Structures are given as structure tokens and as C-alpha cells.
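In what follows, a single structure is set out as C-alpha cells and then discussed.
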Amino acid sequence: QTAMAAEPMTDRAPPMKDKTMRELKAAMVARACEDLEPLRVAIEKAREVQLDTNEIDKATLILHDLELKTQPLSFTDLPQTEMQQLQAKRSRDEILEDLKRIMRLKSKDGFKAEVLAEFHFQNFMFCQKQGFSPEKASAFLSLMRQLHSNTVPARKADVNEASALLEELLARHSRQLPPFSVGIFSKEEVSVMRDFVTRSFLRHFKMYQFMYQQQQDISVSSVSKTVIPKVLEASALHRDFEVDPKDLGDAIGMALNLVVPGTGGGEEDLVAETEESRTRRSHAMEAIEAQVMQVMDDVVKDRLGDLESRMSTLP
């Protein structure tokens with residue numbers, strides 16, 4: 001009899017699992033607060049009929065993310081104790097440093113971190129001006145942080161989507177309808193906050209997005225420093241640098257066809273040459289050589305210009 005009674009239960013087990021699986025799949029599309037409870041119930045039923053643990057884990061992860069998304073933001077980024085200590089400070093620098101630490105801004109982000117620090121500081125000063133309690137101030141700072149992080153870095157959201165998200169966040173914190181919303185702020189406070197965000201964040205929304213879209217081009221060049229100056233490379237000569245001997249004048253002809261008196265080229269004349277004649281010939285040669293060199297320098301300068309200054313500009 002026990003075996004016969006167990007058989008109907010075994011027959012009903014597969015259909016019950018299939019039904020529970022369908023209910024779990026349908027609940028896993030949860031996106032809003034009202035979907036929390038149906039998803040929670042579906043997960044409990046899935047555990048009772050021992051569905052596949054992988055499916056249960058997926059549903060549990062969705063439930064966890066949805067709970068984080070829909071829970072009140074008060075004391076999430078700024079716990080009550082830290083919020084009270086922050087509100088007691090009067091130094092701008094101290095407040096900025098605390099906000100950078102609490103909001104996990106990294107100094108390596110440079111300009112972005114400075115802009116975000118000023119963003120959080122202005123939001124904090126708004127809370128101080130309105131006389132918000134630690135709970136309200138903490139909720140508003142986290143609300144603004146979530147509004148920025150969900151619209152600006154993504155670069156796909158526009159100002160209308162940012163405005164819609166703002167209204168969703170304000171509605172979640174201005175009506176006492178648990179688990180859908182909590183009444184942290186009054187209607188009057190919501191109106192003041194909406195005006196402030198519109199005049200500050202939404203008005204400069206494109207500027208915040210541009211901060212994440214801009215690109216910086218860096219040009220890097222290497223410079224080698226040596227103890228010994230670099231040897232200049234030889235410059236190639238051009239056909240225009242060639243000099244026609246006819247342009248050198250009579251001096252080149254004198255140098256090529258030099259005939260010094262008393263030197264006929266014979267051996268006897270060389271032996272008989274006196275010291276005085278050798279001196280005269282030496283002076284004559286030096287004078288002619290100097291004249292030839294001067295003519296050559298003039299022609300080269302005329303052809304090539306100031307060669308030394310041009311060579312000095314070579315790398």
C-alpha cells in the first residue's frame with residue numbers, strides 16, 4: 001500500500017516542476033518594486049520542488065540586484081555617523097577631502113575627480129542650506145551620485161532620460177508606500193530639490209558628459225644626450241656647385257703657367273740658383289697662392305653662400 005500511494009506523487013512531480021519552472025522564469029523578468037514579492041515567492045517554490053540550482057541561483061542574483069536598486073538610499077554611501085561628522089565641519093578643504101574618500105574618488109583621475117568632488121560639495125552645501133537631517137542629506141547625496149553614475153559615464157543617456165531618472169528617484173523617497181517607496185522627503189522638499197538639480201546638474205548635463213568624451217593627444221619625442229658632439233654627416237654636392245676654371249680669372253692661369261725668372265727648368269739653373277733668387281721665388285709663390293685662394297673663396301662664397309652658417313644648422 002505504501003508503494004501504491006507513492007506512485008501518484010511520483011507521477012505528479014514532473015508536471016509540478018515544469019509549472020514551478022515556468023513561474024520562476026516569468027518572475028525573473030522582474031524590473032520594479034512590485035516584482036520583488038512574486039520573485040521571492042517563486043524562488044521559495046523552486047527550492048521546495050528542488051529545481052536546478054543554477055536556475056535558482058540566477059533568480060536569487062536578480063532578486064539581490066533588484067533589492068539594491070529599489071532600497072532607500074539613505075545611509076548607503078554615507079553612514080549616519082560619518083554624515084553627522086561631515087555636517088559638523090566648517091572647512092571647505094576638510095569637507096572636500098572627506099567627500100573624495102567617501103565617494104571613492106581617485107586622485108589618478110585628475111580633472112574628473114576634481115569636478116566630481118566639486119559636484120558632491122555643491123550638493124552637500126545645498127543640504128546644509130536647507131537644514132536637512134543626516135538621513136535626508138545622506139539620501140540626497142546618494143541620490144545625486146546614482147543620478148550622475150547612471151547617466152553621465154554611459155554617454156548614451158540624454159538630458160530627458162536623466163530628468164526621468166531624477167523623477168523616479170524622487171518619487172521613491174517621497175511617498176510612504178513600502179516596499180515601493182519611503183517618505184523621507186516632503187512634497188515641498190521634493191520641489192526644492194527638483195529646482196536645484198534642474199538649475200545645476202541638468203543645466204550643465206552636456207558639460208559633464210563632455211568630460212568623459214574628450215580625448216587628449218600626446219606627442220612623445222626622444223632626445224639623445226651625448227658627451228661628445230655628434231659628427232656632422234657629409235653633405236651631398238650638387239652639379240651647381242661645380243666651378244668653371246674660366247671664371248677664376250687670370251690668377252688661375254698664372255698659377256697653372258707659372259714661370260719664375262731665372263728658372264728655365266734645367267739642372268744647371270737649379271744648382272746655380274742663389275739664396276736671394278730662392279727667396280724672391282718663395283715670396284712670389286706665396287703672393288700668387290694667396291691671390292688664387294682669395295679668388296677661389298670668392299667664387300665658392302658666390303656659389304654656395306655662407307657655407308659655415310648653413311653647416312651649423314645641420315642636425
Which FRET efficiency value, to the nearest 0.05, is calculated for residue 200 and residue 40 with the Förster distance at 30 angstrom and r the Cβ-Cβ distance?
0.20
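At 1.4 Å probe radius, can you tell me the per residue accessible area of segment 44-110 in Å²? Mind showing how you got there, number by number?
On the way: 4430 Å² over 67 residues.
I get 66 Å² per residue for this part.
Report the full-extension gain for the segment residue 191 to residue 88: residue separation times 0.36 nm, less the Cα-Cα distance, to one decimal in nm.
Details: separation 103, 0.36 × 103 = 37.08 nm, distance 2.62 nm.
Here the segment from residue 191 to residue 88 would lengthen by 34.5 nm.
Suppose the chain between residue 76 and residue 168 were pulled fully straight at 0.36 nm per residue; how much longer would it get relative to their current alpha carbon spacing?
In short, 31.3 nm is gained.
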Is there a pair in 58/100; 58/108; 19/58; 89/136; 45/187 whose C-alpha atoms are over 29 Å apart, and which pairs would that be?
58/100; 58/108; 45/187
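The values are calculated or read from the model by the stated rules, or taken from the named source; none is laboratory data. Computed from a predicted model, the values in this text were never measured in an experiment. Heads up, the Cβs are rebuilt from the backbone with ideal geometry, glycines too, and the neighbour counts pull from every protein chain shown. To get the accessible areas, we keep the full protein, side chains included, count just its heavy atoms, and leave off ligands, DNA and RNA. Shrake-Rupley method; radii C 1.70, N 1.55, O 1.52, S 1.80 Å.
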